[in-house]
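For reference, the structure discussed in these notes is given below.
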Amino acid sequence: MEMNVVTFASTCEFKEIKFMVIKSDFAFSILFILMIFTFDSWSQVPTEFIRPVGKDKQIESNPEGQRFGDSISMGSATSRVTFKKAKITDYHYFSHLNDSVVVDTTLNLIKDLKFNYLREDDFDLMPFANMGQTYNTLSYHFSEWDWMPKFGANSKQFDFKDINDMRYYQVATPLTDLAFKTAFKQGQMLDALFTANTMKRFNYSIGYKGVRSLGNYQHALTSAGFFRFTAHYTNPNKRYHFKAHVAMQDILNQENGGISNEDLINFENGDPEFIDRAVFDPLFEDAEAKLIGKRFYLNQNYVLVRPKDSLTDRSLVLSNTTYIDNKNYEFTQASPYDAYGSVTSMGTIKDQNYLKRFYTDFNVSFSSSALGRLKGALSLSNYSNGHENLFIDENTTGSEVVKGSLVALNGSYDNQIGRFELQSKAGVILSGNESGYRLDGNLSFKWNDKFSLKAGAYSHSVAPGFNLQNYRSAYTRYNWTTSLNNQKTNGLYFEMKAPELIDIKADASVVNDYFYFGKVNGLNDIKPMQYGQSIFYLRIKASREDRFGKFFWNNTLRYQNTGDQTFLNVPDWQVRSTFYFSDEIFDKAMVLQTGITLNMFSSYHMNGYDPVLSEFFSQNTETYGGFPRLDFFVNAKVRQTRIFLKAEHFNSAWTGYNYYSAPNHPYRDFTVRFGLVWNFFL
């Protein structure tokens, strides 16, 4: 990897990085004001949402015959002036790829599986003891790819939303989504979102997610915030359209290094004196790690040539995407921890690293019904990866920065012929400080909503993350500059969706020059490493749900194999099985679901966690896993409110205290947690 510009400056006084933390009280005040403003001054409601006095309301249903109930009722039939019953399809969201999804207000098992800190299905993740802490990875997705090397501190980014995760809303009337869930001692999670339109062609959304949880172990506090604002607009003649968002995220974790090897015996024996987890003395109680991210994004499209009528369907679209994305990581510790080795100076440890990125591109897209859609883009990325507060002498600190740029060319081709759809992507870095390429193509066949097939292949080369290439810390062991090769991956994947039979996902990858963090000769030295041989990685995932009247049995099983190597560590199998009851009760005024979920994975060499880097590292000396996790839940839906009550890991006391999220980091004990999701359709 060529370094373009490297500067080193010293200063007697270090100007501390200012982290932007959006206060929850301020964000909630904004949401409240917007809601009041909407109630008082909503005067631009399209006329198609107004219905005459006394007209009976019609109950909408989906293709499966399920009623939408009161989720979007707009008033009583006796009101003098009321809103017409809007269809659920009038409320949807989409990503920057314009893949529209209808807002779903129903209650089903998927909603239960996604009602967690991430608000995503965490089947492939093993959470730590406290909400908002990190996750150990049980399965890897090597098909993911980006032009830019990763910043680092990856354990802090499971809930960091990138461009693909941002949602843009299109709604008929104002919509509010509130989600609340209790945490572990002195805390809770609240995720609030409000979206509306000031005119039919302009929609915006504003939201804030705040999490605070003390945790059951000493010095394990989590505090996180996520503020986002999105907007999109289409001009009257529908030639110009833009999407924009602002995302500001922060997460702070108190780090304790886990419990000591001596205390592991007391934990596994179930000693009554240690059932109160606050009794354990962690390895240290004076460290914190925090990650701050800010992004400003704008995508613009202009239709240069558009179809004139049904016979001439050709179109030519020019577009541009520009964004600024900054991340700052800081690790502080009041006094050095001896096991991490010597330090450059006595006193407080304060490692500070950052990545500043500017990206812009120019896109041309041509499409027609006969030829499909062809798109090409030329992009430019500039970045600065730096380290602050570097020790020079007892009176002086300094900084170091590596600057670079990338010029890349990429394109895509999509076409649909009957029930077949072809998608392909290709890209290469033409010049710059890094190199890389990607090829990805797939062919899908959709018979109907109940059966579809998809098969594809990919090949890509990615540069190692910035913290693998170059890192600086007050701990002398955590200083390196490397010359690692690009990691090259070739793979095949296959999907079959048949809800009435089985859903299957399978992929096989060959990974060359796999890079990772590992221990040097079994010591405590964590260093970036690279496996020079090939790794064959196979994954097969199958899901099926069976129904027996009002009872359901939902199962998901994954098998994976990585051969004889001991660096890419994953369990051979994972299983999740849920048996539950679901029905409408109280004259169909409530939907009730209750059941038990089993989660389990086989024993394997589970990755260890390093708090200095906020990264996981490979280890092959200790095995963990093989323990069951049983959760009992009672969920209900009343009108537009979904209520979740769960007894998590209720079997912990009678199946043995040998459950871990990572070496020296025990998993969660039995606890009861409550939450709800509340939607308002104004």
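The values are calculated or read from the model by the stated rules, or taken from the named source; none is laboratory data. All of these numbers come straight from a predicted model, not from anything done at the bench. Every residue, glycine among them, receives a Cβ derived from its backbone with ideal geometry; neighbour counts consider all protein chains shown.
Annotations for the structure displayed:
- Within region 506-559, being closer than 19 Å to Asn607 by Cα, outside any strand (DSSP E or B) and in contact with a strand residue (DSSP E or B) (Cβ under 6 Å, 6 or more places away or on another chain) holds for one residue alone: Val520.
- In the condition set (1) surrounded by 17 or more Cβ atoms within 10 Å (Cβ to Cβ); (2) more than 29 Å from Leu291 (Cα to Cα); (3) among the acidic types (Asp, Glu), Asp583 is compliant with all but (1).
- Residue in region 356-368 that is among the basic types (Lys, Arg) and touching a residue at least 60 places away in the same chain (Cβ under 8 Å) present: yes
- Looking only at region 576-602, and only at residues there that are farther than 16 Å from Glu545 by Cα and of a type in the set (Gly, Ala, Ser), the one that is farthest from the chain's Cα centre (by Cα): Ala589
- The set of residues in region 204-216 being over 21 Å from the mean Cα position of the chain (by Cα) and surrounded by fewer than 22 Cβ atoms within 10 Å (Cβ to Cβ) consists of Tyr204, Leu214, Asn216.
- Some residue of region 586-606 being aromatic (Phe, Trp, Tyr), assigned to a loop (DSSP other than H, G, I, E, B), free of Cβ contacts under 8 Å to residues at least 24 places away in the same chain and touching a strand residue (DSSP E or B) at 6+ places or on another chain (Cβ under 7 Å): no
- Neighbours by Cβ (under 6 Å, 6+ apart or cross-chain): first from region 406-423, farther than 26 Å from Leu378 by Cβ; second of a type outside the set (Phe, Trp, Tyr) and part of a strand (DSSP E or B): Arg419/Lys446; Glu421/Ser444
- Near pairs, Cβ below 7 angstrom, 6+ apart or cross-chain, from region 260-282 (within 23 Å of Asp338 (Cα to Cα) and in a strand (DSSP E or B)) to any residue that is at pLDDT 90 or above and among the β-branched types (Val, Ile, Thr): Pro282/Ile259
- If you go through region 97-133 and keep only what is in contact with a His (Cβ under 9 Å, 6 or more places away or on another chain) and either crowded, with 17+ Cβ neighbours inside 10 Å or charged (D, E, K, R) (or both), you end up with Val103, Asp124, Phe128, Ala129, Gln133.
- Qualifying residue in region 522-532 (condition: among the hydrophobic types (A, V, I, L, M, F, W, C) and exposed (fewer than 12 other Cβ atoms within 10 Å of the Cβ)): yes
- Pick from region 150-181, criterion charged (D, E, K, R) and within 26 Å of Gly675 (Cβ to Cβ), ranking: surrounded by the most Cβ atoms within 10 Å (Cβ to Cβ): Lys156
- For region 408-466, filtered to residues that are in a strand (DSSP E or B) and charged (D, E, K, R), the residue that is surrounded by the most Cβ atoms within 10 Å (Cβ to Cβ) is Arg438.
- Of the residues making up region 403-425, those that are over 22 Å from Ser369 (Cα atoms) and touching a Gly at 6+ places or on another chain (Cβ under 7 Å) are Gly404, Ser405, Leu406, Val407, Ala408, Leu409, Asn410.
- Verdict on Arg357 being basic (Lys, Arg) and closer than 16 Å to Phe466 by Cβ: yes
- 1 or more residues free of Cβ contacts under 8 Å to residues at least 40 places away in the same chain and either touching a Gly at 6+ places or on another chain (Cβ under 8 Å) or not basic (Lys, Arg) (or both): qualifying strands (runs of 3 or more DSSP E) within region 151-251: 188-199, 202-213, 222-234
- Any hit, region 320-327, residues being more than 22 Å from Asn256 (Cβ to Cβ) and crowded, with 20+ Cβ neighbours inside 10 Å: yes
- Test result for Phe644, under 29 Å from Val570 (Cβ atoms), touching a residue at least 40 places away in the same chain (Cβ under 8 Å) and outside any loop (DSSP other than H, G, I, E, B): no
- Residue within region 667-681 that is surrounded by 20 or more Cβ atoms within 10 Å (Cβ to Cβ), modelled with pLDDT under 95, farther than 21 Å from Asn116 by Cβ and not polar (S, T, N, Q) present: yes
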